[in-house]
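Let me begin by presenting the structure, written as structure tokens, before commenting on it.
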Amino acid sequence: MVSPVAALCLLLLHFAGGDALKILVNNPAMAHSHVEFQGAIADILAEAGHTVHLLVPVYEPRCQTSGSAKASKVYRIVPTAPLQFADASFISDPFNRPKNKNTFSMLGDTIKKFLSSTNQVADDILADDALLEELRREKYDVGISEFYEFFTLPLFHAVGIDVKIVSSAVPLTEYLVNYYGIPVPRSYATSTLGSFANTPKLTYLQKIENLYNSAVDRYVMADMADSMTERMRNKFGPEFPHVREIYKNSSLALMNVLEVLDLPKPSSNKLINIGGISRKKVKHVLEPEIEEIFKKANKGVVLFSFGSIADPVKMGPPTRAAFLKAFTHFSEYEFIWKFNPEDVNKSDEHPNVHFVKWMDQNTILGQPELRAFITHCGLNSVTESAYAGKPMVAVPLFADQDYNAAMIVQHRVGVFLELHNIDEARIVEALKKVLFEEEFQENAQRLRRKLLNHPNDPRAAVRKWVEYAAEFGDLHENLNLEAVNMDLFSYFCLDVIVPAVVVAIIALFSVLKIAVFAFGFAMNSLAATKKKVA
């Protein structure tokens, strides 16, 4: 075993040898789960002895944390005017889920507000010459950022950061599919923002919708990239590279998934799976309030949470009543609902339902007496539940949550409830399945073992791959799929298929022409012969 003194000496040698990197991590304050994921990346790299700074544009004022406890500097970017992001429907009215799919191409007004906000943040940063100059002086070796606003990697390029790494707190998005040239069969692989609970076994109409969404997404993203490129060239000159090229030539993408949990589909060597890195350790002691609830349970406890964005006070009274009435059918179970008690009506109070404002979700999931989890299907929540071996009732609301619900259904570790169809009977049926059918409990435990015994350590992968990318700044030359350099005509072999079809048509036409000529000649000859005989 290495002694503390020896470990300190090794750390000092590490710094003395000049191996420590200076890394800038972009961590927009949008949603708690995204901030936690980016913060975990930052802390892992800081623990490895690297200097890590955070860039934190504030989109959602309620999201106060930077996500990192170990970053040595934080640039918190407060917008110069209120952003429209907070008015987006998935924040202001998260339970008003439309019956049509909540896809990237169908979000309408929400997407406009999101783009307006990201463009304003970009303009605020580009107008801050002092900040840009300070970022240049830092001479960062590596820049890491999520990819949903088309701005940060170009910003990294502008301030001289050569090694750029994409990160993603959600499964594979259309952004990376398009810019990394990843082949995606639309017959079974859906967009992360436009999935279905029965993915990958899509119906005929779902395949049509999937193809449509893919085409619209490609068009919308091309327009966004062109717009951001124009913005960057207005600031830094006409020679600034196109945003598409910057993202295409990023070194890697750190993905918040693991293969055994994600839905199987084609991938790229640039995608490094690091799912579970933001998962908190399970504490040995529960909070006193929570411990009392567990002590009361005869057969177990069920956890119920819609995450940090969707406040259940905004849930429609009929839906809330449906859940509460359903819980009365399970009197031997205690239900913990993440719901501020101050917002609870007297009529909502039930003996086996306990409302809590805040809870240590992962520690509660880690308790043997916890029997099931009713979840909105945020990826961090799904991952925590999978690691804990708990079956789930999936009630997705927006964004990637439909896709994550499909993971739950596909692995048979839970059941799906469509929010706009929810009633007491459906909730009771779902709970009976996950609580009483052994298949779900057994599958959840089996998935847990697969995750815990995964041959790759996600935290080690973050450190090793970032250091590797920093050492070889041209990884894209080795890892890029050739598809990124091809147009659609060549990609789909239309340069081969179209000429082949044309040649085949010409050949068929020629054969038919010859056949018609031969038939006519034969008929004329036969007629002439008959005439002579006569």
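The values are calculated or read from the model by the stated rules, or taken from the named source; none is laboratory data. None of these values were measured; they are calculated from a predicted model. Cβ placement follows ideal geometry from the backbone for every residue including glycine, while neighbour counts extend to all protein chains displayed.
Quick notes
- In region 109-176, counting only helices (runs of 4 or more DSSP H) that sit wholly within it, the ones holding 1 or more residues that are basic (Lys, Arg) span 109-127, 129-138.
- Residue satisfying condition, being modelled with pLDDT of 95 or more and not hydrophobic (A, V, I, L, M, F, W, C), within set Ser227, Ser250: Ser250
- Considering region 477-492, the residues that are without any contact (Cβ under 8 Å) to a residue 12 or more places away in the chain, surrounded by 11 or more Cβ atoms within 10 Å (Cβ to Cβ) and hydrophobic (A, V, I, L, M, F, W, C) include one that is nearest to Leu271 (Cα to Cα), namely Phe492.
- The residues in region 382-403 that are outside any loop (DSSP other than H, G, I, E, B) and at pLDDT below 95 can be counted, and the count is 3.
- Pick from region 274-288, criterion over 16 Å from Asp43 (Cβ atoms), in contact (Cβ under 8 Å) with a residue 60 or more places away in the chain and of a type in the set (A, V, I, L, M), ranking: surrounded by the most Cβ atoms within 10 Å (Cβ to Cβ): Leu286
- Any hit, region 159-166, residues being touching a Phe, Trp or Tyr at 6+ places or on another chain (Cβ under 8 Å), at pLDDT 95 or above and charged (D, E, K, R): yes
- When region 310-322 is filtered for residues that are in contact with a helix residue (DSSP H, G or I) (Cβ under 6 Å, 6 or more places away or on another chain) and either charged (D, E, K, R) or crowded, with 21+ Cβ neighbours inside 10 Å (or both), nothing remains.
- Test: residue in region 511-525 that is at negative phi, in a helix (DSSP H, G or I) and touching a Pro at 6+ places or on another chain (Cβ under 9 Å): no
- Residue tally, condition buried (at least 16 other Cβ atoms within 10 Å of the Cβ), assigned to a loop (DSSP other than H, G, I, E, B) and not hydroxyl-bearing (Ser, Thr, Tyr), over region 243-259: 4
- Only a single item in (1) surrounded by 17 or more Cβ atoms within 10 Å (Cβ to Cβ); (2) part of a loop (DSSP other than H, G, I, E, B); (3) of a type outside the set (Gly, Ala, Ser); (4) at pLDDT 90 or above is not met by Tyr188, and it is number (1).
- Taking the criterion of being in contact with a Phe, Trp or Tyr (Cβ under 7 Å, 6 or more places away or on another chain), surrounded by fewer than 21 Cβ atoms within 10 Å (Cβ to Cβ) and either of a type in the set (A, V, I, L, M) or farther than 23 Å from Pro368 by Cα (or both), the only residue of region 289-308 that qualifies is Ala297.
- Among all positions in region 445-461, there is at least one residue which is in contact with a His (Cβ under 8 Å, 6 or more places away or on another chain) and surrounded by 12 or more Cβ atoms within 10 Å (Cβ to Cβ).
Quick grid of which residues meet (1) touching a strand residue (DSSP E or B) at 6+ places or on another chain (Cβ under 7 Å); (2) crowded, with 17+ Cβ neighbours inside 10 Å; (3) in contact (Cβ under 8 Å) with a residue 24 or more places away in the chain; (4) within 30 Å of Tyr468 (Cβ to Cβ):
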| residue | (1), (2), (3), (4) |
| --- | --- |
| Phe114 | no, yes, yes, no |
| Ser117 | no, yes, yes, no |
| Ala130 | no, no, no, no |
| Arg136 | no, no, yes, yes |
| Tyr140 | yes, yes, yes, yes |
| Glu146 | yes, yes, yes, yes |
| Phe151 | no, yes, yes, yes |
| Pro154 | no, yes, yes, yes |
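- Residue in region 427-448 that is part of a helix (DSSP H, G or I), of a type in the set (Lys, Arg) and within 23 Å of the chain's Cα centre (by Cα) present: yes
- In region 297-331, the residues that are of a type in the set (A, V, I, L, M) and in a loop (DSSP other than H, G, I, E, B): Ala297, Ile309, Ala310, Met315
- Subset of region 453-464 [in contact with a helix residue (DSSP H, G or I) (Cβ under 7 Å, 6 or more places away or on another chain) and either in a loop (DSSP other than H, G, I, E, B) or hydrophobic (A, V, I, L, M, F, W, C) (or both)]: Val462
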